[in-house]
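What follows is a set of notes on a single structure, which appears directly below.
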């Protein structure tokens with residue numbers, strides 16, 4: 001608890017950083033709430049290259065102006081890889097020891113997250129399916145959680161506050177859902193798109209049900225993406241507004257709120273993804 005309190009105090013004082021560096025080289029104030037360290041350590045040539053190759057965003061339907069989701073997404077990926085490397089090292093030592101370690105480390109972190117997700121998934125789709133899909137859901141959950149938490153540190157922006165990142169993950173869930181639905185049930189998987197009555201005399205109802213089911217399945221990745229975007233962007237905007245007040249310790253309660261939002265939104269994304277996959281592979285799909 002003392003370490004957590006100390007960490008919050010440091011964050012509270014660091015919140016003054018954006019006010020000190022929020023002026024561009026030309027002396028004009030940048031758009032409030034979008035300051036980040038990326039503008040200092042990302043080469044201009046890399047930004048120009050990305051804008052040249054991917055100048056138009058298909059998701060947001062506008063020219064690419066900000067690549068912070070790529071920069072910080074890659075940073076989150078590196079952080080997770082480093083923690084996994086430390087976790088693997090501790091795991092090898094753990095096999096040779098009879099007693100658990102006293103200190104909380106990277107291995108314990110992944111064990112806690114894995115056990116929590118496995119328990120939730122087991123209640124939704126059963127233990128066998130939960131163990132099978134845990135690597136996929138766990139990877140999504142860990143990336144989203146670390147991305148959300150990164151946005152609470154002054155000078156960093158969460159990769160999950162843009163549709164580009166969120167839609168990419170939601171599309172993965174969409175394809176996994178239907179690929180494993182077909183893999184488990186064959187072409188009979190698509191019968192549920194036609195409704196409960198599959199007869200020639202129910203053709204109008206079958207067409208209507210097909211349209212409704214198709215729209216509902218397309219809406220799933222959209223809802224996953226927009227929900228995560230709205231909550232993380234809103235939380236970051238609120239935190240930024242109170243940081244801009246430059247009053248000591250005022251941002252700390254909102255950092256705590258941000259911690260809660262970060263965990264809850266990662267959890268919601270994982271639970272909904274598990275539910276969608278569970279519905280696709282359920283025996284009732286025959």
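The values are calculated or read from the model by the stated rules, or taken from the named source; none is laboratory data. Source: prediction; values computed, not measured. Methodologically, a virtual Cβ is constructed for each residue, glycine included, from the backbone with ideal geometry; neighbour enumeration extends over all protein chains shown.
Condition first: in a helix (DSSP H, G or I) and over 11 Å from the mean Cα position of the chain (by Cα). Now tell me which residues in the stretch 139-161 satisfy that.
If the condition is that a residue be in a helix (DSSP H, G or I) and over 11 Å from the mean Cα position of the chain (by Cα), then 150 is the only one that fits.
Using the structure shown, decide if residue 203 is over 30 Å from the mean Cα position of the chain (by Cα), more than 27 Å from residue 265 (Cα to Cα), at pLDDT 85 or above and in a helix (DSSP H, G or I). If you could, list the steps in order and put the result at the bottom.
Values: over 30 Å from the mean Cα position of the chain (by Cα): yes; more than 27 Å from residue 265 (Cα to Cα): yes; at pLDDT 85 or above: no; in a helix (DSSP H, G or I): yes.
Here the answer is no, as residue 203 does not meet what is asked.
Just checking, how many residues over the stretch 157-173 are farther than 18 Å from residue 262 by Cα, touching a helix residue (DSSP H, G or I) at 6+ places or on another chain (Cβ under 8 Å) and free of Cβ contacts under 8 Å to residues at least 60 places away in the same chain?
Total meeting the criteria: 2.
Find the residue count for the stretch 102-117, including only residues that are in a helix (DSSP H, G or I) and surrounded by fewer than 17 Cβ atoms within 10 Å (Cβ to Cβ). Step through it out loud before you land on a result.
Taking the stretch 102-117 and keeping what is in a helix (DSSP H, G or I), we get 106-117.
Still in the running and surrounded by fewer than 17 Cβ atoms within 10 Å (Cβ to Cβ): 108-109, 111-116.
Result for the stretch 102-117: 8.
Has the stretch 215-230 got at least one residue that is in a helix (DSSP H, G or I) and more than 23 Å from the chain's Cα centre (by Cα)?
Yes, the conditions are met somewhere in the stretch 215-230.
Find the residue count for the stretch 184-200, including only residues that are more than 28 Å from the chain's Cα centre (by Cα) and surrounded by 12 or more Cβ atoms within 10 Å (Cβ to Cβ).
10
Among the residues of the stretch 162-183, is any over 17 Å from the mean Cα position of the chain (by Cα), modelled with pLDDT under 95, outside any helix (DSSP H, G or I) and surrounded by 15 or more Cβ atoms within 10 Å (Cβ to Cβ)?
No - not one qualifying residue is present in the stretch 162-183.
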